[in-house]
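Beneath this line is the structure, given in structure tokens, with notes to follow.
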């Protein structure tokens, strides 16, 4: 690139070379500030320089060094450093980096959220699944981006949520066909599903003001809730499952209460609170699980209902049936 002597790159030639070197990377990324307040980059150079810089940083973040363990550690450290650096970028510049990061799953952003999830499941071909290690890396990237940049990329959150839900839905759909899968992949797939549900829980917890669309709510249920809900009692017996933790988060925020009333039409066995109360009937129920279920019931009985305001709007949720929570508590005592 430098041989073409681009005027927007030449003034920063040494900076870019130092970012490419392992020994000078950490020092240079601190020195080479691009934040608007104290940037060493001239404003007229940013539009052409930043995309090149983002590609360099993406490559540095993905580059593995050293032994297997040390390589993973170094890669994780570099990711943290790069994301701290990106916090000084403009939102449209961060978008360039996100496009690079999620390029392998960019097709999941075609169409509206719910239809994209349905399409992802419909198009799933077990012979052409993205390598599980690559999927694990993408889930980790989603987690780090949401934790470190979530407050800076509000306009990108719908796309990130859609990718998360499509990835989680496809993993769940693969596990529903486990008779076609080699046994050695089952635990890896279960771990990927756990990561998907954990990140969904984090999204609801960390972005309480997010304006979920009706499409996104339907997608959450399609990807995360319906595939797991009827097994809640059996799988939460000894320790709370990621889905039970999501339900717990919903029960602590009155804005999310309506999600607990959503039904899967024609499938009464998918009712959320019925499945939650069934957990209490499990033999040798773990103390942590029992505590979460009782906390869900207590929250629904005692936390005042949600009142929309200027900051928090009501959620649009279809196919809801409302009833008195005392029915669940009564069933528990009966």
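The figures follow:
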quantity: Complete set of residues in the stretch 266-285 that are modelled with pLDDT under 95, part of a loop (DSSP other than H, G, I, E, B) and over 11 Å from residue 232 (Cβ atoms); calculated: 283, 284
quantity: Hits in the stretch 286-305 - residues which are surrounded by 12 or more Cβ atoms within 10 Å (Cβ to Cβ) and in a loop (DSSP other than H, G, I, E, B); calculated: 286, 303
quantity: Checking residue 176 against (1) in contact (Cβ under 8 Å) with a residue 40 or more places away in the chain; (2) closer than 23 Å to residue 315 by Cα; (3) exposed (fewer than 15 other Cβ atoms within 10 Å of the Cβ), the condition it does not meet; calculated: (2)
quantity: Condition check for residue 139: in a helix (DSSP H, G or I) and more than 12 Å from the chain's Cα centre (by Cα); calculated: no
quantity: Residue within the stretch 111-120 that is more than 12 Å from the chain's Cα centre (by Cα) and at positive phi present; calculated: yes
quantity: Selection count where residues are part of a helix (DSSP H, G or I) and out of contact with any helix residue (DSSP H, G or I) (no Cβ under 9 Å at 6 or more places or on another chain), scope the stretch 23-46; calculated: 3
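The values are calculated or read from the model by the stated rules, or taken from the named source; none is laboratory data. Predicted model only: the values in this text are computed from it and were never measured. Quick reminder, even Gly has a Cβ in these numbers, built from the backbone with ideal geometry, and neighbours come from all protein chains shown.
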